[in-house]
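S.K.: After the structure tokens below, expect a handful of questions from me.
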Amino acid sequence: MTVAGDERAYGQAWLVPTSPALTIRQLATRFAEVNGAARARLSPIPYPVMWVTGLFSPQVKELRTTRYQFTSPFVIDGSATTEAFGLEPTPLDEALRDAAARLRS
């Protein structure tokens, strides 16, 4: 809402300020630690399995096109938004606690 209501924002794309980048494994581990949960067992889906499954599942087929987000660094930089509008990301532990609370409700 801050950016939408500010004339300086017009004509540009603004990235949301984010916490430092973590891998999926690091994020899942932190989620478990913050919420007192057991660590999740994570393992990748081999690409050939994903490709074949995509023949039968439209959702998995879409994952094939976004696979790069999970196999190489996928980092955004919202520092311009922070500098221009003073917005900061929600602290990671707070966001993870909020996410767990929403899952429970």
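Readers should treat all values here as calculations from the given coordinates under stated rules, not as data from a laboratory. Because the structure is predicted, anything quoted here is derived from the model rather than measured. Ideal geometry is used to build each Cβ from the backbone, glycine not excepted, and the neighbour counts take in all protein chains shown.
S.K.: Roughly how many nanometres apart are two label points built 7 Å out from the Cα toward the Cβ at LEU55 and ARG8?
M.R.: Rounded to a tenth, the inter-label distance reads 5.5 nm.
S.K.: If you don't mind, there's one more thing I want to ask. Report, in deg cm²/dmol and to the nearest 500, the calculated mean residue ellipticity at 222 nm for the chain, where each DSSP H run with n ≥ 4 adds -39500 (n - 2.57) and the sum is divided by the residue count.
M.R.: Helix contribution divided over all residues of the chain: -14000 deg cm²/dmol.
S.K.: Fully extended, how many nm does the chain gain between LEU103 and PHE70 (0.36 nm per residue separation, minus their Cα-Cα distance)?
M.R.: Here the segment from LEU103 to PHE70 would lengthen by 9.5 nm.
S.K.: Please give the residues of the range 22-49, grouped as numeric ranges, whose backbone N is less than 12 Å from a label point set 7 Å along the Cα-to-Cβ vector of LEU92.
M.R.: 22-34
S.K.: How long are the three semi-axes of the equivalent ellipsoid for the chain, computed from the Cα gyration tensor as the root of 5 times each eigenvalue, in whole Å, largest first?
M.R.: Its equivalent ellipsoid spans semi-axes of 30, 22, 13 Å.
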